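Working notes for the structure below.
Just so it is clear, none of the values below were taken in a lab; they were calculated from the coordinates. Note that the coordinates shown come from a computational prediction; the quantities given were computed from them, not determined experimentally. Positions of Cβ are generated from backbone atoms using ideal geometry, with glycine treated the same way; all protein chains shown enter the neighbour counts.
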Amino acid sequence: MDRDRLGAACWLLAAPLFLAANVVVGLAWRQPPFSWATNNISDLGNVTCGLWDSTRPRPVCSPWHGVMNGATAATAALLALGVLLTWPALGRGAAATASRLLTLAAAGGYALAAAAPADVDENRHFLAALLIFVLGNLGMLVAALARRSSVLGGMRAASLVLGSTGVAGVVLFLAQVDLGIGVGGMERVAVFPLLVWTVLVAVRMVRAGRDRRLS
């Protein structure tokens with residue numbers, strides 16, 4: 001398997017791994033049950049049980065927090081490998097380079113979040129969240145400016161829509177505005193677009209590689 005396909009495979013694995021961890025670890029909660037509307041993603045990785053968050057107090061007890069933090073670390077590694085292995089294939093130019101660096105920084109945010117659960121080191125965990133929220137979504141918006149001849153340039157519409165959705169999610173989440181889906185649901189609007197985007201980029205790369213081999 002060449003570098004491009006291996007990098008694409010990393011990105012294709014990252015999103016379902018993180019999503020599966022959110023579902024499976026959440027199902028392990030008993031008292032209280034986990035809610036995607038009420039609970040933050042970070043709650044799944046908290047290592048202690050108790051009332052958490054002074055601004056939005058809620059009981060948190062995640063029996064499988066180790067699984068969540070391990071899956072988050074693996075997601076970070078897969079996202080970073082996807083960037084590094086596909087680096088040449090994603091295109092040239094300032095926008096493509098900036099998008100790759102911003103996505104790599106978001107991967108670093110996942111790694112930091114796994115290493116510093118919110119109830120262990122809240123400041124480092126908040127920094128991790130900012131890397132994911134701000135830089136990850138900004139990376140997609142910058143990708144929308146990539147040269148049209150590149151892989152990223154061919155995804156301008158998707159990059160713009162997903163990046164804008166993520167940014168809107170961040171603003172509303174930080175403002176504690178839930179639009180009926182809960183603050184936890186709004187956090188997912190802020191986080192998940194980047195994972196969807198990496199899957200779409202990976203699929204486009206795989207198809208482009210297949211077309212080159214057939215031509």
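Couplings 3J(HN,Hα) of region 138-144, computed from phi: 5, x, 5, 5, 5, 4, 5 Hz, in residue order, whole Hz [Karplus 6.51 cos²θ - 1.76 cosθ + 1.60, θ = phi - 60°; x for Gly and Pro]. Cysteines of the chain lacking any other cysteine Cβ under 4.7 Å from their own Cβ: CYS10. The fewest-to-most ranking of LEU19, LEU90 by surrounding Cβ atoms within 10 Å reads LEU19, LEU90. Using R₀ = 22 Å, calculate the FRET efficiency as 1/(1 + (r/R₀)^6) where r is the Cβ-Cβ separation of GLN31 and ARG56; round to 0.05. About 0.70, to the nearest 0.05. Modelled spin labels at ALA94 and VAL67, positioned 7 Å past Cα toward Cβ, are 4.7 nm from each other. Here each label is just a point 7 Å from Cα along the line to Cβ, and for ALA115 and VAL206 those points are 3.1 nm apart.
Dividing the Cα radius of gyration of region 3-214 by its Kirkwood radius returns 1.00 for Rg/Rh. Summed over qualifying helices (DSSP H, 4 residues or more, each -39500 (n - 2.57)) and divided by its residue number, the chain shows a 222 nm mean residue ellipticity of -21500 deg cm²/dmol. With the charge dipole of the chain set up from +1 on Lys and Arg Cβ and -1 on Asp and Glu Cβ about the Cα centre, the Cα lying farthest toward the positive end among the listed residues LEU162, LEU112, ALA74 is that of LEU162. Potential lengthening of the chain between ARG124 and LEU19 amounts to 35.5 nm, from the contour at 0.36 nm per residue minus the alpha-carbon distance. Using a Förster distance of 25 angstrom, determine the FRET efficiency expected from the C-beta separation of LEU160 and LEU84, and round it to 0.05. Using R0 = 25 Å, I get an efficiency of 0.50.
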